[in-house]
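Comments concern the structure below.
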């Protein structure tokens, strides 16, 4: 799969989400549905967005005992999402169970990726609160290697770590990177951020962009700017 921009549709409900997507006309961006929207609207919102022709990343970050995650993934496999995820901290056994649940008799239609460390987490928080010693970069690399060894397709990481993930796990191992802001934009609650152009240079395969697009005065223009900067193309 090629590089792409994923819009984080972190809205409170169905009508707001579909109204937002209607702004894009014939453009059919790859979109992310996370916990807030999925918990508010349930599986039907996934069906509604897919019916409009969008590729979809279901961002629920499953993290539980292997058997529970396997059964949850078995349910989610029926939604025909293009990408879904778990927390790598759930261990290799859990990641393998997730893969098993996602794979049906006809194979697997969804990419499965693992969250390494949230881009809102600083190294100081990781060390002092999560009690994970060492550097953020080394922790992310360890989690990425575990995910690759478990058979997953890639990881969620910061763009700052994308190049090293590829070096450790191969070019085909995907890096899906939130923490994207336009130059001079508000960092919000993100601790590790880059611009779309820098993410491209650092080796990100997919960038996940929320507020710089969803809160823009002209979301379509902001999306097209993001695509242009990330893919290195002129409008």
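The values are calculated or read from the model by the stated rules, or taken from the named source; none is laboratory data. Keep in mind it's a predicted model, so treat the numbers as computed, not measured. Counting neighbours? That spans all protein chains shown, and the Cβs are built from the backbone with ideal geometry, glycine included.
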Original post:
Tally time: how many residues in the range 1-23 are at pLDDT 95 or above and either farther than 30 Å from residue 203 by Cα or assigned to a helix (DSSP H, G or I) (or both)?
Top reply: 10
**OP:** Restrict the check to the range 53-71 and report whether at least one residue is touching a helix residue (DSSP H, G or I) at 6+ places or on another chain (Cβ under 9 Å), farther than 30 Å from residue 89 by Cα, surrounded by 14 or more Cβ atoms within 10 Å (Cβ to Cβ) and at pLDDT 95 or above.
**Re:** no
Original post:
Only one of 122, 158 is buried (at least 23 other Cβ atoms within 10 Å of the Cβ) and at pLDDT below 95; which?
Top reply: 158
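Here is a yes/no grid of residues against (1) out of contact with any helix residue (DSSP H, G or I) (no Cβ under 9 Å at 6 or more places or on another chain); (2) under 21 Å from residue 113 (Cα atoms):
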residue	(1), (2)
3	no, yes
10	no, yes
19	yes, no
23	no, no
29	no, yes
33	no, yes
37	no, yes
41	no, no
44	no, no
Original post:
Can you pull out the helices (runs of 4 or more DSSP H) entirely within the range 108-221 that have at least 3 residues that are under 19 Å from the mean Cα position of the chain (by Cα) and closer than 24 Å to residue 90 by Cα?
Top reply: 136-149, 159-169
**OP:** Within the range 29-52, track down each residue that is buried (at least 21 other Cβ atoms within 10 Å of the Cβ) and outside any helix (DSSP H, G or I).
**Re:** 29, 31, 32, 33
**OP:** Could you tell me whether any residue of the range 101-116 is over 24 Å from residue 31 (Cα atoms) and touching a residue at least 40 places away in the same chain (Cβ under 8 Å)?
**Re:** no
Subject >> Odd one out for residue 84, checked against (1) in contact with a helix residue (DSSP H, G or I) (Cβ under 8 Å, 6 or more places away or on another chain); (2) more than 29 Å from residue 139 (Cβ to Cβ); (3) free of Cβ contacts under 8 Å to residues at least 40 places away in the same chain; (4) not in a helix (DSSP H, G or I) >> reply: (2)
Original post:
Before we move on, is residue 68 out of contact with any strand residue (DSSP E or B) (no Cβ under 7 Å at 6 or more places or on another chain) and either under 27 Å from residue 140 (Cα atoms) or not in a helix (DSSP H, G or I) (or both)?
Top reply: yes
Subject >> Residues satisfying the stated conditions in the range 162-181, i.e. without any contact (Cβ under 8 Å) to a residue 40 or more places away in the chain and out of contact with any strand residue (DSSP E or B) (no Cβ under 7 Å at 6 or more places or on another chain) >> reply: 164, 167, 168, 169, 170, 171, 172, 181
Original post:
Based on what the data block shows, is residue 98 assigned to a helix (DSSP H, G or I), in contact with a helix residue (DSSP H, G or I) (Cβ under 8 Å, 6 or more places away or on another chain) and surrounded by fewer than 17 Cβ atoms within 10 Å (Cβ to Cβ)?
Top reply: no
**OP:** Please tell me if residue 26 is surrounded by fewer than 17 Cβ atoms within 10 Å (Cβ to Cβ) and either in contact (Cβ under 8 Å) with a residue 12 or more places away in the chain or assigned to a loop (DSSP other than H, G, I, E, B) (or both).
**Re:** yes
**OP:** Search the range 202-218 for residues that are in contact (Cβ under 8 Å) with a residue 24 or more places away in the chain and on the phi > 0 side of the Ramachandran plot and pair each with any residue that is part of a strand (DSSP E or B) and surrounded by fewer than 17 Cβ atoms within 10 Å (Cβ to Cβ) when their beta-carbon atoms are under 9 Å apart and the residues are at least 6 apart or on different chains.
**Re:** none
